Amino acid sequence: MGAVISTEGLTKVYGRKGRGIKDVDLEVDEGEVFGFLGPNGAGKTTTIRTLLGFMRPTAGRAEIFGLDTRKRSVEVRARVGNLPGEFALEDRTTGDGLLRFFARLRGVGDLGYAHELAERFGADLHRPMRRLSRGNKQKIGLIQAMFHRPPLLILDEPTGGLDPLVQEEFLDVVEETKAEGRTVFFSSHVLSEVERVCDRVGIIREGELVTVEPTHEIVDKAFRHVTLTFDEPVDGGPFAALPGVEDLRAAGPRLSFTLHSEPDGMIKQASKHRLVGLEYERPSLEEIFLTYYGQEGGK
Ligand SMILES: Nc1ncnc2c1ncn2[C@@H]1O[C@H](COP(=O)(O)OP(=O)(O)OP(=O)(O)O)[C@@H](O)[C@H]1O
């Protein structure tokens, strides 16, 4: 299967001090769900806007379906459903009016899928956009990006402002989109949602793409925070000696540490005592970013 998105040396410098993005090389394949992760200000929105040809790159190039996104922008836009980072129309138009407008623009006669999505997301199509909350505007933004079933979705922080049930519904729709062989690229700073639906993940930090990996590898590589509670104080020594155990702290009957290996040895050691509590938590995305910062020499 060919690359649906391809960038080479994509660079955008804002003025003198603006950071932007530097030398971003990305390939996203047809039928793939790709998560684009990074903390605030890392360059996600800049990458998406430059990739889509909305902004002129300082250097490099971007292609979508093999078309240069600056030179062939009309053809590119016809194939992409896009949710911009700030979908905030302060308008008298209702969601329904807006969707009809987009449908005419795109030559789509059937609004059936739009209405299905509106129902699933609980979107209010009959209130003026300017009177909707941020989350409810976001729902309309998602529907306009998706309702014509474009072969590629590029979504900038699609779950921002949505409540957890709607976020889950959105992720279901992403899975259905993939099942239809369509491609989804979305930015996020929430690891759990990326983990659920993305085949691969790219991490951007300070404008540079630091890694692109299959999602399970990023998640497997990450350590876990472990807290074991016993029915009486236990010697932490044998736990500290286990491979992968770091930062062990003992407080009465409780041992806390980070575990950088599989849990088998720790479980066997723990089972020598009476265990009354076990917490086994994944790190936050920020902590995963930090491990990448560390690998890069703490730049
Ligand atoms: N129009 C602009 N002019 C100058 N600098 C800008 C402009 N837009 C973004 N930047 C800078 O470029 C960098 C990348 O910003 P960008 O908005 O792409 O990050 P982001 O990863 O999307 O962040 P967020 O998660 O906060 O939306 C930041 O340092 C930001 O301050």
Rg (one decimal) and Dmax (whole number) from the Cα set of region 15-76, in Å, equal 12.3, 39
Residue separation between ASP235 and PHE101 times 0.36 nm, minus their alpha-carbon distance, gives in nm 41.4 nm
For LEU165 and HIS126, extending 7 Å from Cα along the Cα-Cβ vector and measuring point to point gives, in nm, a value of 2.0
Highest GNM mean-square fluctuation among ALA240, ALA118, ALA251, for the chain with Cα springs under 10 Å, belongs to ALA251
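Take every DSSP beta bridge with both residues inside the chain and express the antiparallel ones as a percent of the total, to the nearest 5.
Taking every DSSP beta bridge with both residues in the chain, the antiparallel ones total about 70 percent.
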Any residue on another chain or 5+ positions along whose placed amide H is under 5 Å from the amide H of LEU153 is listed here as GLY81, THR183, VAL184, PHE185
Output row, site ARG134, 7 Å Cα→C-beta label point, backbone N cut-off 19 Å, window region 24-61, residues 38-46
Given backbone amide H placed at 1.01 Å from N, residues whose amide H is under 5 Å from that of THR94, ignoring those fewer than 5 places away on the same chain, are MET129
Once HIS225 and THR58 are pulled to full extension, the length gained, defined as 0.36 nm per residue separation minus their Cα-Cα distance, is 55.9 nm
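Any chance you could count the Lys pairs in the chain whose alpha carbons are under 18 Å apart, treating pairs 8 or more apart or on different chains as valid?
Pairs that pass both the separation and distance tests number 6.
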In nanometres, the difference between 0.36 nm per residue of separation and the alpha-carbon distance of ALA251 and ARG92 is 51.3 nm
What helix-only [θ] at 222 nm does the chain give? Using -39500 (n - 2.57) per DSSP H run of at least 4, over all residues, to the nearest 500, the answer is -9500 deg cm²/dmol
From fewest to most C-beta neighbours within 10 Å, the residues VAL184, VAL226 line up as VAL226, VAL184
To the nearest 10 degrees, the tilt of helix 95-106 (Cα long axis) against the first principal axis of the alpha carbons of the chain is 60
A correct Karplus calculation of ³J(HN,Hα) over region 47-54, with 6.51 cos²θ - 1.76 cosθ + 1.60, θ = phi - 60°, whole Hz and x for Gly and Pro, returns 4, 5, 5, 6, 4, 6, x, 6
Checking ARG106, ARG200, ARG274 against a Gaussian network model of the chain (alpha-carbon springs below 10 Å), the top fluctuating residue turns out to be ARG274
Rounded to one decimal in nm, the spacing of the 7 Å Cα→Cβ label points at SER261 and HIS273 is 2.0
Using alpha-carbon positions, the gyration tensor of region 223-281 gives root eigenvalues a ≥ b ≥ c; with a/c under 1.5 called rounded, otherwise prolate if a/b exceeds b/c, else oblate, the class is rounded
Quick calc, region 223-281, dipole around Cα centre from Cβ unit charges on Lys, Arg (+) and Asp, Glu (-), nearest 20 debye, gives 120
Expected max-MSF residue from PHE147, PHE230, PHE121 in the GNM of the chain (alpha carbon, under 10 Å) is PHE230
Rounded to a whole number, the Stokes-Einstein D of the chain in µm²/s (Kirkwood radius over Cα pairs; 10 °C; 1.306 mPa s) is 74
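Please arrange ILE288, ILE267 by how many other C-beta atoms lie within 10 Å of their C-beta, fewest to most.
The fewest-first ordering by Cβ neighbours comes to ILE267, ILE288.
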Expected sort for 206-213, 155-162 on mean C-beta neighbours within 10 Å, highest first, is 155-162, 206-213
So the FRET efficiency between HIS115 and SER192, C-beta based with R0 = 35 Å and rounded to 0.05, is 0.75
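Throughout, read-outs are computed from the coordinates displayed, never taken from laboratory work. In this text, all values refer to a predicted model and were calculated from it rather than measured experimentally. No Cβ is skipped: glycine too gets one built from the backbone with ideal geometry, and neighbour counts run over all protein chains shown.
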